[in-house]
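Engineer: Take this structure, written in structure tokens, and hold onto it; I'll ask about it next.
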Amino acid sequence: MDQKELMLGIIGGSGIYEIEGVENGRWIKIPTPYGDPSDEIYTGSLNNIKVAFLPRHGRGHLYSPSTVPYQANLYAMKYLGVTDVLAISACGSLREDFKPGDFVIIDQFIDRTFMRKKTFFDGKCVAHVSVAEPVCSGLGSLAGEAMSALGIKHHLKGTYITMEGPQFSTKAESLLYKNEWGCDVIGMTNMPEAKLAREAEICYASIAMVTDFDCWHPDHDNVEVSDIIETLTSNASSAKDLIKKVTSILSSEKKTCSQGCNTALEHAIISHSDKITLAEKKRLGVVAKRFFDI
């Protein structure tokens with residue numbers, strides 16, 4: 001794949017509904033074949049890097065984790081020309097040393113969601129992408145470099161279990177995920193987001209912001225929204241600093257990802273092109289445009 005201009009998409013989680021400092025910023029509406037995204041997308045430039053910011057839950061926090069339109073969100077990012085996505089989300093900790101206020105660079109997921117559409121290829125075109133390594137290590141490493149420069153306490157890897165929600169875990173579930181499955185953090189939003197980013201051939205990195213100890217910890221009360229919001233406020237400020245720092249060290253030239261994120265569909269589509277209807281090809285649109293002569 002030829003080199004092109006890099007564009008950074010930022011998907012802001014709970015507590016992050018806006019982004020400051022963007023030059024020539026404007027909110028734009030992007031309709032998609034998969035419905036409307038969570039909100040309009042704020043585009044412009046930050047430190048001379050093109051950016052596109054989307055509040056995952058919408059301004060005013062209108063979408064629950066189960067009702068976030070994940071397909072439309074990632075499609076809209078691809079439509080705008082986004083090459084890399086930095087996804088920021090709140091999470092609960094399943095480890096004593098991952099404390100509220102810490103950030104975690106996620107490197108693995110366990111997907112326990114069951115109510116969400118998880119693929120663009122849900123019509124009469126079949127594709128199987130690899131998500132063995134579900135995030136872009138290059139973009140994650142750059143985020144780690146930025147956090148080190150800012151003095152943000154962070155952990156270089158972690159397994160994120162995505163639960164359906166919107167309720168928090170039972171104590172039995174929390175202990176299962178912690179003690180038996182070896183998960184590090186728990187959240188409700190990064191899946192199927194990461195899978196859809198891979199299908200859209202977008203480099204995706206996840207930064208999880210710890211807000212609480214879920215309900216497993218014997219020395220802490222059960223999860224309360226009021227406590228989470230208090231930590232979120234502090235985390236959101238650090239997250240916005242992180243976004244600014246990342247754009248200051250990114251190159252504006254997008255090169256082929258060494259991990260293959262931006263060529264993930266190369267051998268994934270197994271349906272015969274002449275059997276795929278024109279309507280289906282148009283519905284897939286920008287996700288698979290380079291494979292279809294439309």
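The values are calculated or read from the model by the stated rules, or taken from the named source; none is laboratory data. Note that this is a predicted model, so its numbers are computed, not measured. In this analysis, Cβ positions are derived from the backbone assuming ideal geometry, glycine residues included, and neighbour counts consider all displayed protein chains. Side chains are part of the model used for accessible areas, which takes the heavy atoms of the whole protein and leaves out ligands, DNA and RNA. Shrake-Rupley method; radii C 1.70, N 1.55, O 1.52, S 1.80 Å.
Engineer: Under the condition of being of a type in the set (A, V, I, L, M) and part of a loop (DSSP other than H, G, I, E, B), which residue from the stretch 113-137 is least open to solvent (accessible area, probe 1.4 Å)?
Structural biologist: So in the stretch 113-137, the residues of a type in the set (A, V, I, L, M) come out as 115, 126-127, 129, 131-132, 135.
If we keep only those that are part of a loop (DSSP other than H, G, I, E, B) too, we end up with 115, 126, 129, 131-132, 135.
Numbers: Met115: 123, Val126: 61, Val129: 35, Val131: 52, Ala132: 68, Val135: 14 Å².
Only one residue tops the list, namely Val135.
Engineer: While we're looking at this one, here's another question. Find all pairs meeting these conditions: Cβ atoms under 9 angstrom apart; at least six residues apart or on different chains; first residue within the stretch 249-265 and among the hydroxyl-bearing types (Ser, Thr, Tyr) and open to solvent by 20 Å² or more (accessible area, probe 1.4 Å); second residue in a loop (DSSP other than H, G, I, E, B) and at pLDDT below 90.
Structural biologist: Thr256/Met1; Thr256/Asp2; Thr256/Gln3; Thr263/Met1; Thr263/Thr256
Engineer: Here is a further query. Which one is most open to solvent (accessible area, probe 1.4 Å) among residues in the stretch 18-66 that are closer than 20 Å to Lys245 by Cβ and part of a loop (DSSP other than H, G, I, E, B)?
Structural biologist: Asn48
Engineer: Looking only at residues in the stretch 144-180 that are polar (S, T, N, Q) and out of contact with any Cys (no Cβ under 7 Å at 6 or more places or on another chain), which one is farthest from Ser89 (Cα to Cα)?
Structural biologist: So the residue we want is Asn179.
Engineer: Could you please find all residues in the stretch 67-88 being part of a loop (DSSP other than H, G, I, E, B) and under 22 Å from Ser237 (Cβ atoms)?
Structural biologist: Within the stretch 67-88, none qualify.
Engineer: Here is a follow-up. Take Leu196 and tell me if it is part of a helix (DSSP H, G or I) and surrounded by fewer than 23 Cβ atoms within 10 Å (Cβ to Cβ).
Structural biologist: Spelling it out, it is not the case that Leu196 is part of a helix (DSSP H, G or I) and surrounded by fewer than 23 Cβ atoms within 10 Å (Cβ to Cβ).
Engineer: Next up: From Asp227, Asp219, grab the single residue that is within 26 Å of Thr159 (Cβ to Cβ), modelled with pLDDT under 85, outside any helix (DSSP H, G or I) and open to solvent by 30 Å² or more (accessible area, probe 1.4 Å).
Structural biologist: Of the residues listed, the single one that is within 26 Å of Thr159 (Cβ to Cβ), modelled with pLDDT under 85, outside any helix (DSSP H, G or I) and open to solvent by 30 Å² or more (accessible area, probe 1.4 Å) is Asp219.
Engineer: Report yes if some residue within the stretch 89-112 is part of a loop (DSSP other than H, G, I, E, B), touching a helix residue (DSSP H, G or I) at 6+ places or on another chain (Cβ under 6 Å) and of a type in the set (A, V, I, L, M); otherwise report no.
Structural biologist: Yes: one or more hits.
Engineer: If I filter the stretch 236-248 down to residues being in contact with a Leu (Cβ under 8 Å, 6 or more places away or on another chain) and not β-branched (Val, Ile, Thr), which single residue comes out as surrounded by the most Cβ atoms within 10 Å (Cβ to Cβ)?
Structural biologist: Selected residue: Leu242.
Engineer: Answer yes if at least one residue in the stretch 123-132 is out of contact with any Cys (no Cβ under 8 Å at 6 or more places or on another chain), basic (Lys, Arg) and within 19 Å of Ser238 (Cβ to Cβ), and no otherwise.
Structural biologist: Residues of the stretch 123-132 out of contact with any Cys (no Cβ under 8 Å at 6 or more places or on another chain): 123-132.
Still in the list and also basic (Lys, Arg): 124.
This time we only want the ones that are within 19 Å of Ser238 (Cβ to Cβ), so: none.
No, the stretch 123-132 has no match at all.
Engineer: Take Ala208 and decide whether it is hydrophobic (A, V, I, L, M, F, W, C), surrounded by fewer than 24 Cβ atoms within 10 Å (Cβ to Cβ) and touching a Ser or Thr at 6+ places or on another chain (Cβ under 9 Å).
Structural biologist: Judged against the criteria, Ala208 is not a match.
Engineer: Now, a different point. Report whether or not Asp214 is over 26 Å from Gly21 (Cα atoms), touching a helix residue (DSSP H, G or I) at 6+ places or on another chain (Cβ under 7 Å) and either among the charged types (D, E, K, R) or surrounded by fewer than 21 Cβ atoms within 10 Å (Cβ to Cβ) (or both).
Structural biologist: Spelling it out, Asp214 is indeed over 26 Å from Gly21 (Cα atoms), touching a helix residue (DSSP H, G or I) at 6+ places or on another chain (Cβ under 7 Å) and either among the charged types (D, E, K, R) or surrounded by fewer than 21 Cβ atoms within 10 Å (Cβ to Cβ) (or both).
Engineer: Working only within the stretch 1-56, note down all residues that are among the basic types (Lys, Arg) and touching a helix residue (DSSP H, G or I) at 6+ places or on another chain (Cβ under 8 Å).
Structural biologist: Within the stretch 1-56, Arg56 is the sole residue that qualifies.
Engineer: Suppose the filter is modelled with pLDDT under 95 and out of contact with any strand residue (DSSP E or B) (no Cβ under 6 Å at 6 or more places or on another chain); does Ser273 pass it?
Structural biologist: Numbers: modelled with pLDDT under 95: yes; out of contact with any strand residue (DSSP E or B) (no Cβ under 6 Å at 6 or more places or on another chain): yes.
Yes.
Engineer: Is there a residue in the stretch 134-145 that is farther than 25 Å from Lys244 by Cα and out of contact with any helix residue (DSSP H, G or I) (no Cβ under 7 Å at 6 or more places or on another chain)?
Structural biologist: no
Engineer: If you go through the stretch 145-161 one residue at a time, do you hit one that is in a helix (DSSP H, G or I), free of Cβ contacts under 8 Å to residues at least 12 places away in the same chain and surrounded by fewer than 23 Cβ atoms within 10 Å (Cβ to Cβ)? Lay out the reasoning, then the answer.
Structural biologist: Step one: list which residues in the stretch 145-161 are in a helix (DSSP H, G or I), which gives 145-150.
Okay, now just the ones that are also free of Cβ contacts under 8 Å to residues at least 12 places away in the same chain, so 148.
Imposing the further condition that a residue be surrounded by fewer than 23 Cβ atoms within 10 Å (Cβ to Cβ) reduces the set to 148.
Scanning the stretch 145-161 turns up at least one residue that is in a helix (DSSP H, G or I), free of Cβ contacts under 8 Å to residues at least 12 places away in the same chain and surrounded by fewer than 23 Cβ atoms within 10 Å (Cβ to Cβ).
Engineer: While we're looking at this one, here's another question. Select, from Thr277, Thr233, the only residue that is β-branched (Val, Ile, Thr), closer than 29 Å to Ser148 by Cα and surrounded by fewer than 23 Cβ atoms within 10 Å (Cβ to Cβ).
Structural biologist: Of the residues listed, the single one that is β-branched (Val, Ile, Thr), closer than 29 Å to Ser148 by Cα and surrounded by fewer than 23 Cβ atoms within 10 Å (Cβ to Cβ) is Thr233.
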